[in-house]
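See below for the structure under consideration.
The values are calculated or read from the model by the stated rules, or taken from the named source; none is laboratory data. Not measured: the values here are computed from a predicted model. Glycine also receives a Cβ, built like all others from the backbone with ideal geometry; neighbour counts cover every protein chain displayed.
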Amino acid sequence: MSIQKIIDSLSKKHAHVVGDILKTDKLLEEDDLKRFVEGLCTIGAKKILCIEDNRVIFSGDEKFIGKDISIDEFEGLSEIDKYKIAKSLFGDPELRKFKVYRISKNSGFVVVFDMNVPEYQVALVDLLMNSRKWHTRFENSGFARLRVAIGFVYKLDKETYMHSYRTKEYSAYIARKYGIDKKTLLDIKIGAILHDIGKLFVPFNILKKEERLTDDEFEIIKQHPLYSYRILKAFGFDDCVLDIALFHHEKIDGSGYPYGLRDIPLCVQIVAVSDILDAVQSSRSYKDKMGCNVILEEMKKFEGKFDDRLMKMVFDFIESDAFFAFKNKFNKVSSRYFSNSELDNCSNIFERLNVLRSENTDLKKEVELYKDVAAKVQRKYEETIELCEGRKKYKNTKLEATVDTIFRLASVVGNLKTIVVVENEGVRYLKGEPLNFDILNDIAKGYKRLNIEGVDLKDNRKVYLVFDSEIRLSPSLRFTIEGLF
């Protein structure tokens, strides 16, 4: 397979990844079961059985509705059993990857995948199904919703997750000092760790851009609080959490976004200040870690933008031993993933995040391969352009002498214009008249043209002779060319 074909394939696959992730935005807010199931089938699921009391009450495939099927049939199976069920029930032995989501003992969902389904699609369906499952079974379970939502933040990237964690720790400390009640304190912690979840839907090249953002790019960034609000609202979080998601970039002088509000709840201001406190120390904004005096000066720039008492508490915090303790703690955990105690003893969260990390490995490798191939193709393209324009010079005098000899021999049988040597499906050497890039690309890919004769060489190399009219090389000339290499 040529490099061009590889990159075309990866480009299409990468586009599918982005498209599938964006589809989850609508599905998070989808209340209609039929549309929800249809949506899941667009991101990897092949069949979905909604089972109640061991009877299928809904499915994307109507032939299953009303059938007596136990949800137990799809759990604890050997590969042979899976094969038998796939063949007898679905009529396709490849449909033997099952995921079961129980609502009660005899009720729940069975999602069926093809054996070749990409793991990222299974992960997306898993997160969405868990979201629906917890809403159905544990409508008031904040932990279940939190587990799934944090899974999305972790899926985004470690840097955003770590920033959200540090923001949560700062927010919790400041809120306790302020005397916030326990219920609001919990909402502040949840809102802080999820406030940037909307960045899932900000283009990655903008989110990670190191240079200064353009005005248009910044307008896109300013939409992430709206996305955060919509996602967390779909999960059913309390108003305080939703306010933090939507207003954490607002300021009481009206200089914030997305609405330029002045009346901002205290719980939002606590998270907003904590967000800024971590951001001014971040390596994304400053090349060196800043000392506390510099951090204090940076934070004083925000006086008048938040509650005066709150800012005074932040200034005192930066000058206290507690701030050094936080920094030391963050330095220790930055080189490893969080332990259960560091995430409020929510053991299931850490387990789920590890699963997501392993599921994301293949996609990460794929993206790195995509980047590597893209760089190689770009280099080959630039070399080819230089070669066509006569600017490329080679130090390989042996190859140059060999091509000169072939040029003299082949010119006898016809009006030879150009000789091209292709190695590993890339242009290695060119002698003669410059060629149109489309023709050169066809040569590299091995496409046949009537006025071009190709000779196969050793080591995955070929030599192409371009004439001004249709011609055929004699067997003796072909043999001679092969011998010269």
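When the residues of the stretch 238-255 are filtered to those that are under 20 Å from Asp308 (Cα atoms) and without any contact (Cβ under 8 Å) to a residue 24 or more places away in the chain, the one that is surrounded by the fewest Cβ atoms within 10 Å (Cβ to Cβ) is Gly254. Restrict the check to the stretch 74-96 and report whether at least one residue is part of a helix (DSSP H, G or I) and over 20 Å from Asn116 (Cα atoms). No, because not a single residue in the stretch 74-96 is part of a helix (DSSP H, G or I) and over 20 Å from Asn116 (Cα atoms). For the criterion of being part of a helix (DSSP H, G or I), free of Cβ contacts under 8 Å to residues at least 24 places away in the same chain and surrounded by 15 or more Cβ atoms within 10 Å (Cβ to Cβ), Ile220 passes.
Taken over the stretch 179-209, the residue count meeting the criterion of being of a type outside the set (Asp, Glu) and in contact (Cβ under 8 Å) with a residue 60 or more places away in the chain is 9. Lys289 satisfies every condition listed in (1) over 17 Å from Ala175 (Cα atoms); (2) at pLDDT 90 or above; (3) in a loop (DSSP other than H, G, I, E, B) except (2). Scanning the stretch 222-246 for residues that are at pLDDT 90 or above and of a type in the set (Val, Ile, Thr), we see that the one that is nearest to Tyr257 (Cα to Cα) is Ile244.
Answer yes or no: is there a residue in the stretch 303-320 that is at pLDDT below 90, more than 35 Å from the chain's Cα centre (by Cα) and closer than 20 Å to Glu169 by Cα.
There is at least one residue in the stretch 303-320 that is at pLDDT below 90, more than 35 Å from the chain's Cα centre (by Cα) and closer than 20 Å to Glu169 by Cα.
Once the stretch 34-73 is narrowed to residues that are assigned to a strand (DSSP E or B) and in contact with an Asp or Glu (Cβ under 7 Å, 6 or more places away or on another chain), the residue that is surrounded by the most Cβ atoms within 10 Å (Cβ to Cβ) is Lys47.
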